[in-house]
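The values are calculated or read from the model by the stated rules, or taken from the named source; none is laboratory data. The model shown is predicted, which means the values in this text are computed figures rather than measured ones. Note: ideal-geometry Cβ built from the backbone for every residue, glycine included; neighbour counts use all protein chains shown.
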Amino acid sequence: MHGKKVMLFMLSSVIAAGLAGCGGSDSTKGDARSGEPTKPPAASNEPVELTIVTTAGHTPESFDTRFGNSLRKKFPNYTIKFIPNSAIKFADLVATNTMVDIVYAAVNDFTNGPLKSGMVYDMTELMKVHGVDPNKVGMNWVQGLSPVWEGKLYGLPIGIETLATFYNKDIFDKFGVAYPKDGLTWDDVFDMNNKLTRVDQGVSYVGLVVAPAQHFSLNALSLPFYDMQTGKMSIVTDEAKWRAIFDTIAIRPMSALGYKEKTASLKALPGEANFYKTRDAAMEVGLVHIPLSYTEMKDMNWDVTTYPSFKELPGGGAQANLLLFGVTNMSKNKDAAMEVIKYLYSDEYQTISARDGNYPAIVNEDRIKQFAQNTYYKDRNVQSVFKAKLAPLSKRTIYDPDLATIYRKYMSELALGNMDMNTMMRKVDEEAQQKIAQLKSR
């Protein structure tokens, strides 16, 4: 066990020991005579205050829209407090003894925040007592997170995020190119990219932009960054597959006449702002929730279709990024906190969230039909985002947030031909190994 894990274990143990004698509800303590966990206390009208924090950049308004309003309606006797990340740095929460009952974040942020801060709590017994089945999520998420969570359950997926293909119909119409269809492949995308990348009336258009960060962490080939057992980077052990990903993100777009010049002028690969803001990109392969994130898209003539599949994986999509909610080890109201998370995991809330345009953690035919029906874009091809089969979750490690940055560090140099593939892959491997050695020494 390296230094970071020892420190994390000691911090968690100290906090847990300090809280062992505290009051508050914890149904997992059980009956000392029988060794069986007790049932959760019956629903009570007694007031309970729960504080929720996140590593995400959510404002109080966006929190209320997605979670807070539904929670306060469901639990009128609970006072739901939300501390935005802008109000206090996540790393300071433990140091300032700020009481937190629930924390939520996407996978890498969950690792960087609550896990590394020692705030996590193994919810395995809480889930059993409260009748929560983690396997209702139809993917291998428990196995994928097992290496970094060491077999424990520190959170529960409330929603997921994945990738789809968005396109600006006005640009397609302008240049007489047929719209992309469900089931498209990367070959189809690059064919359209070649037709749509051009300069017209002084405007430099590109056919395609991708979200590089997500295409690494949610890659469709289910590649991890690091193998904990061998101590090697997968960029070495799965070199051919990583070459395919780098080729897709950085090299193949450059085959379109004018794309490299656009990249050089921006000093970076064209990104999603070119799609929704400056509107000089015809397609974006990006996160499903971007219509909710960018209000600029409301007056844009866009539609959506499936994630492009690799020809070796017909119909295959990207991985899912899990939005995890977890009870903290400092909470004095663990049962109440678990009931809140249980509700967010329930059929009732999953349907509410899906209707609001959030990809649900638990997918069924009814939720697919109801997806985004409360949004301004309900009449578009929104059900298509479910047609590509989600790729299996790659095995995650505590190092992933740092490694993800290194893996995509040289994308612009590779795209512009300033660095060849072999050199880039060697540098990524060397820098990633150095980063892990540095993290282990802390």
*So which helices (runs of 4 or more DSSP H) are wholly in the range 380-442 and hold at least 2 residues that are more than 21 Å from THR230 (Cβ to Cβ) and free of Cβ contacts under 8 Å to residues at least 24 places away in the same chain?*
421-441
*Got a number for residues in the range 311-352 being among the hydrophobic types (A, V, I, L, M, F, W, C) and either more than 30 Å from LYS241 (Cα to Cα) or surrounded by fewer than 23 Cβ atoms within 10 Å (Cβ to Cβ) (or both)?*
11
*What number of residues within the range 425-442 satisfy the criterion of being surrounded by 13 or more Cβ atoms within 10 Å (Cβ to Cβ) and within 26 Å of the chain's Cα centre (by Cα)?*
9
*asked:* Can you find a residue that is in contact with a strand residue (DSSP E or B) (Cβ under 6 Å, 6 or more places away or on another chain) and farther than 29 Å from LYS395 by Cβ anywhere in the range 288-302?
replied: yes
*asked:* Condition (residue is assigned by TED's automatic domain parsing to the domain that holds LYS195, charged (D, E, K, R), at pLDDT 95 or above and part of a loop (DSSP other than H, G, I, E, B)) applied to the range 280-303: is it met by at least one residue?
replied: yes
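Condition check ((1) in contact with a helix residue (DSSP H, G or I) (Cβ under 9 Å, 6 or more places away or on another chain); (2) loosely packed, with under 15 Cβ neighbours inside 10 Å) across all residues:
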site	(1), (2)
SER204	yes, no
VAL210	yes, no
GLN214	no, no
LEU223	yes, no
LYS241	yes, no
PHE246	yes, no
ILE251	yes, no
SER255	yes, yes
*Do we have ASN135 as at positive phi and either without any contact (Cβ under 8 Å) to a residue 12 or more places away in the chain or not assigned by TED's automatic domain parsing to the domain that holds VAL363 (or both) here?*
no
*asked:* Residue under question is GLU365, and the condition is that it be over 22 Å from the mean Cα position of the chain (by Cα) and surrounded by 15 or more Cβ atoms within 10 Å (Cβ to Cβ); does it hold?
replied: no
*Does PHE190 meet the test of being in contact with a strand residue (DSSP E or B) (Cβ under 8 Å, 6 or more places away or on another chain), buried (at least 20 other Cβ atoms within 10 Å of the Cβ) and in the same structural domain as PHE172 (by TED's automatic domain parsing)?*
no
_assigned to a helix (DSSP H, G or I), surrounded by 13 or more Cβ atoms within 10 Å (Cβ to Cβ) and modelled with pLDDT of 80 or more: which single residue out of SER12, SER62 fits that description?_
SER62
*In the range 325-353, the residues that are farther than 16 Å from TYR154 by Cβ and not in a helix (DSSP H, G or I)*: LYS332, ASN333, SER346
_Whether any residue in the range 217-231 is closer than 24 Å to PHE371 by Cβ, at pLDDT below 95 and under 21 Å from the mean Cα position of the chain (by Cα) is what I want to check._
yes
